[in-house]
1. Just to verify a result, which residue in the stretch 67-90, among those that are of a type outside the set (D, E, K, R) and assigned to a loop (DSSP other than H, G, I, E, B), is least open to solvent (accessible area, probe 1.4 Å)?
2. Is at least one residue of the stretch 24-38 over 18 Å from the mean Cα position of the chain (by Cα), closer than 22 Å to Ala187 by Cα and either buried (at least 20 other Cβ atoms within 10 Å of the Cβ) or without any contact (Cβ under 8 Å) to a residue 40 or more places away in the chain (or both)?
3. If Cys51 passes every condition in (1) open to solvent by less than 30 Å² (accessible area, probe 1.4 Å); (2) within 24 Å of Val150 (Cβ to Cβ); (3) not aliphatic (A, V, I, L, M) but one, which one does it miss?
4. Taking the options Ala116, Ala106, Ala64, name whichever one is touching a strand residue (DSSP E or B) at 6+ places or on another chain (Cβ under 6 Å), under 30 Å from Asn206 (Cβ atoms) and either part of a helix (DSSP H, G or I) or without any contact (Cβ under 8 Å) to a residue 60 or more places away in the chain (or both).
5. So the check is Cβ under 6 Å with 6+ separation or different chains; which pairs have a first residue in the stretch 160-177 that's surrounded by fewer than 16 Cβ atoms within 10 Å (Cβ to Cβ) and a second one that's among the β-branched types (Val, Ile, Thr) and at pLDDT below 95?
6. Going by the conditions given, is Pro191 in contact (Cβ under 8 Å) with a residue 24 or more places away in the chain and open to solvent by less than 20 Å² (accessible area, probe 1.4 Å)?
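The values are calculated or read from the model by the stated rules, or taken from the named source; none is laboratory data. Worth saying up front: this structure is predicted, and the values here are computed from it rather than measured. Methodologically, a virtual Cβ is constructed for each residue, glycine included, from the backbone with ideal geometry; neighbour enumeration extends over all protein chains shown. These area figures cover heavy atoms from the full protein model, side chains too; ligands, DNA and RNA do not enter into them. Shrake-Rupley method; radii C 1.70, N 1.55, O 1.52, S 1.80 Å.
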Amino acid sequence: MDPVSQLASAGTFRALKEPLAFLRTLELLFAIFAFATCGGYSGGLRLSVDCINKTESNLSIDIAFAYPFRLHQVTFEVPTCEGKERQKLALIGDSSSSAEFFVTVAVFAFLYSLAATVVYIFFQNKYRENNRGPLIDFIVTVVFSFLWLVGSSAWAKGLSDVKVATDPKEVLSLMSACKQPYNKCIAVHSPVMSSLNTSVVFGFLNFILWAGNIWFVFKETCWHSSGQRYLSDPMEKHSSGYNQGGYNQDSYGSSGGYSQEASLGQSSDEFGQQPSGQAAFTNQI
């Protein structure tokens with residue numbers, strides 16, 4: 001039998017029904033959506049500059065930009081409407097740091113979720129054999145939860161800067177020809193940002209998934225089991241003390257009843273001896 005078949009036969013896919021493995025699978029899928037919608041983005045806008053002298057006009061100025069959004073490196077030429085001269089401009093801003101950090105977190109989260117899912121399915125016994133595996137899993141889950149929160153927040157701010165820098169009105173304001181009232185400058189096509197908005201949504205969804213999974217990973221660690229033992233020991237001591245007190249009370253009750261019966265018997269005997277003494281005194285008389 002080949003190794004793949006052995007792993008398939010040894011693996012128990014019932015683990016996917018448990019919250020721990022099920023959430024890891026969702027984290028894997030959501031991480032793919034996060035870095036695909038951000039890292040695979042490419043868009044652009046189209047502007048039109050209509051000069052008084054029609055020969056100097058340019059009605060189709062295409063400006064393309066893509067991940068990692070180093071907008072200051074995106075250059076384009078526009079007419080000045082003053083002869084054949086051209087003005088070379090560049091977009092404003094650089095959101096590469098936040099975008100690359102977000103994609104990096106998504107890629108590493110995908111790789112870890114894939115590895116953890118494989119361990120849950122095929123090596124579950126070794127995972128729970130000692131406490132090292134759950135502890136490492138717990139620490140990594142906490143770290144990735146924090147990274148998702150920071151990365152998603154940073155990328156949300158970076159995306160806001162990208163939208164401002166690629167707004168056609170902002171780009172037109174950079175052109176000297178558009179500052180003249182007799183020239184006509186319009187935006188033919190605006191950039192589509194729907195996939196980038198989706199990446200931010202998936203970023204915060206990943207944070208919610210990873211933060212929620214902290215509890216299920218914590219339950220696999222020794223900290224949770226030791227806490228349960230600590231809570232169960234006082235309860236056992238309390239119940240044993242209660243039973244011991246009940247036993248003493250029963251013993252006390254039984255001993256008390258025995259003493260009462262003994263004293264009652266003794267008094268009855270004394271009372272029974274009294275008539276015999278009177279009879280003897282009468283006989284003597």
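1. Step by step, filter the stretch 67-90, then rank; the result is Phe69.
2. no
3. (2)
4. Ala64
5. Listed by first residue and then by second, the contacts come to Ser176/Thr80.
6. Answer is no for this residue.
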